[in-house]
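Encoded as structure tokens, the structure appears first; notes follow it.
The values are calculated or read from the model by the stated rules, or taken from the named source; none is laboratory data. Note that the structure is a prediction, hence the values are computed from the model and not measured. Backbone-built Cβ (ideal geometry, glycine too); neighbour counts: all protein chains shown.
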Amino acid sequence: MPILLIDRTATPIGELIVVADDDGHLRAVDWTEHEDRMRRLLRRQVGEGCVLRPARDPAGVTRAMQAYFAGDLAVIDRLPVRTGGTLFQRAVWAALRGVPCGTTITYRELAARAGRPQAVRAAGHANGANPVGVVVPCHRVVGSNGTLTGYGGGIQRKRWLLAHEGVAGPP
């Protein structure tokens, strides 16, 4: 049975849950009110028998997230991440990690970066299934006309995260 380590931390936009494995890889990040969704995604990726054991600052992840919210934006780029998912989902998530802080891309651009330019909807679904929000920055994806579209943590959080990262005037 896989055992993962779970911690929680306050942020300016709500309480954040972080989950890491014993090897120091970040496995999940989500907002407290979406803990059920996070657990479902983890079960799909790790297995039904996954156990979440409370731990203080597992692998330094909690401290890193606190640093990000305090203004050290680059800290999330250094966090090691381990996810399950399909080959295409992992390609989308890898493409997301390549989107520089302070910038946004469209779903069409995301699909192209993931190697399947015609799979715009599939890229959107993979973006929405991202188990490591904020660190795998799904909030940096916007609609084709630049508008803010779906974000699992809510549009207000997406707007805040983009402003925090210096995106000029998110809609």
Next item on the list: Would you tally the residues in the range 100-114 being surrounded by 19 or more Cβ atoms within 10 Å (Cβ to Cβ) and of a type in the set (Gly, Ala, Ser)?
Entry: 2
Notebook entry, point to check: So which of Arg108, Arg116 is in contact with a Ser or Thr (Cβ under 9 Å, 6 or more places away or on another chain) and either modelled with pLDDT of 95 or more or assigned to a helix (DSSP H, G or I) (or both)?
Noted result: Arg108
Note to self: Would you confirm, using the coordinates I've provided, whether Asp23 is touching a residue at least 40 places away in the same chain (Cβ under 8 Å) and either under 15 Å from the mean Cα position of the chain (by Cα) or surrounded by 18 or more Cβ atoms within 10 Å (Cβ to Cβ) (or both)?
What the structure shows: no
Checklist line | Complete set of residues in the range 46-63 that are surrounded by 12 or more Cβ atoms within 10 Å (Cβ to Cβ) and assigned to a loop (DSSP other than H, G, I, E, B) | finding: Cys50, Ala55, Asp57
Checklist line | First in the range 79-90 and touching a residue at least 40 places away in the same chain (Cβ under 8 Å), second anywhere and of a type in the set (Lys, Arg), Cβ under 8 Å, 6 or more apart | finding: Val81/Arg27; Val81/Arg97; Arg82/Arg27; Thr83/Arg27; Thr83/Arg90; Gly84/Arg44
Next item on the list: Working only within the range 1-20, note down all residues that are without any contact (Cβ under 8 Å) to a residue 60 or more places away in the chain, over 21 Å from Arg78 (Cα atoms) and surrounded by 17 or more Cβ atoms within 10 Å (Cβ to Cβ).
Entry: none
Notebook entry, point to check: Which members of the range 120-171 meet the condition of being under 19 Å from Met38 (Cα atoms), among the aliphatic types (A, V, I, L, M) and part of a loop (DSSP other than H, G, I, E, B)?
Noted result: Ala129, Val134, Val135, Val136
Next item on the list: Working only within the range 1-45, note down all residues that are part of a strand (DSSP E or B) and basic (Lys, Arg).
Entry: Arg8, Arg27
Item checked: Candidates Asn127, Asn145 - the one that is out of contact with any Pro (no Cβ under 7 Å at 6 or more places or on another chain) and surrounded by fewer than 16 Cβ atoms within 10 Å (Cβ to Cβ) -> Asn145
